[in-house]
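Below is one structure; the comments refer to it alone.
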Amino acid sequence: MSEQKDAILYTYYNNVYLNITNACPCNCEFCIRRTTDTVGDSGSLWLSHNPPFEDVKEAIDNFDFSGYTEAVFCGYGEPTSSLDVLIKTAKYLHEKGIKTRLNTNGLGNLIHKRDITKDICDNIDYISISLNAPNAEKYNAIVHPAFGLKSFDAMLDFGRQCKKYTDNVIFSVVDIIGEDEIAECQKVCDSVGVPLRVREYTATYE
Ligand code: SF4
């Protein structure tokens, strides 16, 4: 019997997703990792190991991108945890004429203990940062970040720094937090200067 390959690349509702790491410093209440290990027909999104760029390149080379113009870096972990692979893969996709989108928790600067936003913005076409909540206490109650209460401000600063390099950065929240909290989130986004996108809650993540 042939060995099951890791689900590094999968499609879902006409989008191509890249699953380059399972590492994540958070444990979000709504993360699909709490309820399922598949999206569509992805197969298990738990990876046997963090794939090196060569494995991600092989997955891309084996996929027919006809009809697809964009690939999305999106979990089943935090993509910026595997920064080197993320950047190399984004460059490779651009060589193939494919645009790139990053769904991130915005904690990459804490993960790497340096400002990675220029590296991200130089190589990613569209960045969506999960805001989740309007303040640090509510954020921590939902996201449970390993970095504690400083995470919320670090996530906001990630957006602020990205905005210096690109206009294609947004914060996102899910609609289930309710109108009052969404209005509070809008004020936070206005203060940072990054647009807010309110998205319908689904069983996906970020
Ligand atoms: S939703 Fe994203 S940031 Fe939250 S635990 Fe899941 S992978 Fe990590």
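What the table below lists for this structure:
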| read-out | value |
| --- | --- |
| Of all residues making up the range 113-148, the number that are more than 14 Å from the ligand (Cβ to nearest atom) and open to solvent by less than 60 Å² (accessible area, probe 1.4 Å) | 13 |
| The range 13-50, subset more than 16 Å from the ligand (Cβ to nearest atom) and open to solvent by less than 50 Å² (accessible area, probe 1.4 Å), residue modelled with the lowest pLDDT | 43 |
| Checking residue 9 against (1) near the ligand (Cβ under 9 Å from one of its atoms); (2) touching a Phe, Trp or Tyr at 6+ places or on another chain (Cβ under 7 Å), the condition it does not meet | (1) |
| Single match in 76, 92 (criterion: in contact with a Lys or Arg (Cβ under 9 Å, 6 or more places away or on another chain) and away from the ligand (no atom under 16 Å from the Cβ)) | 92 |
| Some residue of the range 58-72 being within 14 Å of the ligand (Cβ to nearest atom) and not β-branched (Val, Ile, Thr) | no |
| Condition check for residue 39: out of contact with any helix residue (DSSP H, G or I) (no Cβ under 6 Å at 6 or more places or on another chain), aliphatic (A, V, I, L, M) and not in a loop (DSSP other than H, G, I, E, B) | no |
| Neighbours by Cβ (under 6 Å, 6+ apart or cross-chain): first from the range 131-147, free of Cβ contacts under 8 Å to residues at least 40 places away in the same chain; second aromatic (Phe, Trp, Tyr) | 136/152; 139/152 |
| Residue list for the range 75-97, restricted to those being out of contact with any Gly (no Cβ under 8 Å at 6 or more places or on another chain) and either open to solvent by less than 10 Å² (accessible area, probe 1.4 Å) or basic (Lys, Arg) (or both) | 75, 76, 77, 79, 86, 88, 89, 90, 91, 93, 96 |
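The values are calculated or read from the model by the stated rules, or taken from the named source; none is laboratory data. Please read these numbers as outputs of a predicted model, since none were measured by experiment. In this analysis, Cβ positions are derived from the backbone assuming ideal geometry, glycine residues included, and neighbour counts consider all displayed protein chains. The area values use the complete protein model at the heavy-atom level, side chains included, leaving out ligands, DNA and RNA. Shrake-Rupley method; radii C 1.70, N 1.55, O 1.52, S 1.80 Å.
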